[in-house]
Structures are given as structure tokens and as C-alpha cells.
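K.L.:
Before we start, here is the structure in question, set down as C-alpha cells.
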Amino acid sequence: MSGLKSKLLFLLLIFKSSAIEDDHFNDKCFWGEWSSWSECNTNCTNAGVRKRTRMCSCSSATGCDGKDTQVEACSKLTCNPEGTEGCGTSKEQEPPSSRIVGGEDAAVGRWPWQAMLYNKKFFTCGGTLIGRKYVISAAHCFRSENPKPWRVNLGKNRLRKRVFKGNGEHGAEVSKIIIHPDYNSLTNDNDIALMVLEEDVPTDSDVINTACLDYSGNRIFDPTSSCVITGWGKTEFGGNVAEILQEAEVPIVDQKDCIDSYGSDITDNMICAGYLAGGVDTCQGDSGGPLVCTSLKEDNKEYWYLVGITSWGYGCATPNFPGVYTKVSNYINWIKENIDENP
């Protein structure tokens, strides 16, 4: 696959808008109408943010072609609170300095399901804790199903192999790696793997929790959803990995736009997330990490669900090439079956 870049071995920190000040800057290009505002995201501490977009059309080869995204603060009255107990709930230990779309340092405990995967002494990939001894990652992170070289660190905020148990962090050996049997390393189709830890993760940690999975299959995650990508990967293509866990809010890209960007390389098992204008994306080192989105439960509170697994893309934050993620909803039965077989 020419130009394919797996995100093996992070979040690009600069949000670029394709906005042009004049709504009509020449006779051949014009901006369309703004879409409706999305639902407010769940960061009620800072009142949250919401988004809307508009498209530009040009009859010429150059001009304003692309998507413009506008972000504004929400009123607290429109912001659903996050849940405080169970899967998909944050254990944030300190308030973030700001909550800016485009990538920033994550507060300790803000994303407590984020896993740090080491192969021997080398940080290799991210992952997501979905049960007390189960971590989901990308199949392309593993050359084989041999668990011996692998170690999973949880509750980490800084990229360090050493685990500080007094801070609630936990390091675990791996007893089994299960790569999806239909994983295709040439196309990255079925890019998902399940890691079974040797022991249960402690339930009393202040910085570790599981992300939710939509076992019912009834929840809808689409471009209006509030979604976040996290990881310690490179902060620019070819650059250095980040020392502190990074976070960025990104929208799910309409599947048609995703296919328009990548063509037949996109299968039904993949989704895109990010901005067609570029500027916000995962990068090398983020592979296997989570794309999580919020969904409202019966208690009228929002919980974070694992929707995508960082998989591949062309470059990092390249315009018209958003990040590509494994579509987790297609693998719920596979995940459940393997968890049941490995209690």
C-alpha cells in the first residue's frame, strides 16, 4: 500500500483551520452554510465545547476546497455531566490548565484506561484497558503471539518504564496475546489484538479504570460525537515522542469522506477520525491506543466508550488524510468470546 504509515513507535499539537475570512473570496469558490452545532462535549468543569463545520466548493483546481471547523464554549446548562463510577469514568487527579481542541498534556488520571506497552525495554505501542486483565491494542504492534517480551504499564502519565506503585500505577506481565486470525499485514484490515495479563489489575488505584465497550451494539458514534485520541507518540512526523500523555479532541469523519481520502484501502472494519484540513492526528507511537467517544446512559450521564484503535494513515496530520482506526464495534463478539475463553 503505497504511502501507508502505520503508527507504530503521537498527537500533533497544532490545530489548523482551513477557514478563510471572506465567505466569498472570488467568483469560483464559496463557503456553504454552517452545519448545526454538535452536542456539547462532557468537560463540564470548563463548560465544554461544541463544534460546527462548513464546506467550501470550488470550480477551479485551487482555492478554498476543504472543511472549516468552528469551536466555541458551551453553556454549562447544555453540558451533560460525566459519570463517576464504573467503566468509562475519569479518575482525574488534577484539573487541566485548559481544554483546547488540538492537543495538549493530559491531567494525571484523566484517561485511566490508557495502557503503555513495552517490548523488552522499548516503548512500542499504546493500548486500552477493557477489563481487569484485558488490554486491546493493534495487531500490527506484534510480530508474533509470544507474550514473553511484553509488559503493560497502567495508570501512567509520563513516558517512563518504571512503575510508581505509591501513585497508583501498575505494571503487569502478559500471559497471552491473541491476534485476530484474519489480520492482514498488507492492508491493515482486522488490525486488532487482545492481551491477557497474568494478574488482575488492582481495583483500588486512583488512576486506573476500564473504558466501556458497547456490548449492546445500540449506541451510535458519528461525526456529532465527542471523541478524544490519546498517546505518547511522536508530536510531529519524524519528530520525538512526548514525555507526557497527550490528548486531542477529534471528530469521527463521515465514512464517505474517509473513503474519498483513501479509496479502496478503507474497509468496512475501519473508520477515520480527525480534520480533513489536517493539523490534529495520531502519529508513530500511538499505534494500538484508544479513540474514545462519549455516550449517554440511563442515568443521564456521559461515559467514555472505546470506538477505535489507532491503526494507520498517510503521514501525520496530513491534509485530506485523517487518521484511520480499527472499528471496534465490528469486533465486540470476537472480544467477548476470547475473554470468556481466557478467564
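K.L.:
Of the residues that make up the range 199-218, is at least one open to solvent by less than 50 Å² (accessible area, probe 1.4 Å) and under 22 Å from LYS256 (Cβ atoms)?
P.N.:
Taking every residue of the range 199-218 in turn, none turns out to be open to solvent by less than 50 Å² (accessible area, probe 1.4 Å) and under 22 Å from LYS256 (Cβ atoms).
K.L.:
Name the residues in the range 314-343 that are open to solvent by less than 20 Å² (accessible area, probe 1.4 Å) and on the phi > 0 side of the Ramachandran plot, would you?
P.N.:
GLY315, ALA317
K.L.:
Can you confirm whether the range 294-313 contains a residue that is surrounded by fewer than 24 Cβ atoms within 10 Å (Cβ to Cβ), among the hydrophobic types (A, V, I, L, M, F, W, C) and either modelled with pLDDT under 95 or part of a helix (DSSP H, G or I) (or both)?
P.N.:
Yes, the range 294-313 contains at least one residue that is surrounded by fewer than 24 Cβ atoms within 10 Å (Cβ to Cβ), among the hydrophobic types (A, V, I, L, M, F, W, C) and either modelled with pLDDT under 95 or part of a helix (DSSP H, G or I) (or both).
K.L.:
Let me ask you something else. Taking into account only those residues within the range 107-122 that are more than 30 Å from GLY83 (Cβ to Cβ) and part of a loop (DSSP other than H, G, I, E, B), which is modelled with the lowest pLDDT?
P.N.:
Top of the filtered list is LYS121.
K.L.:
Only one of (1) surrounded by 13 or more Cβ atoms within 10 Å (Cβ to Cβ); (2) closer than 30 Å to SER36 by Cα; (3) not small (Gly, Ala, Ser) fails for THR128. Which number is that?
P.N.:
Here THR128 clears every test but (2).
The values are calculated or read from the model by the stated rules, or taken from the named source; none is laboratory data. Just so it is clear, the structure is predicted and the values come from calculations on it, not from any experiment. So basically every Cβ, Gly included, is an ideal-geometry build from the backbone, and we count neighbours across all protein chains shown. We work out accessible area using only protein heavy atoms, side chains counted, and drop any ligands, DNA or RNA first. Shrake-Rupley method; radii C 1.70, N 1.55, O 1.52, S 1.80 Å.
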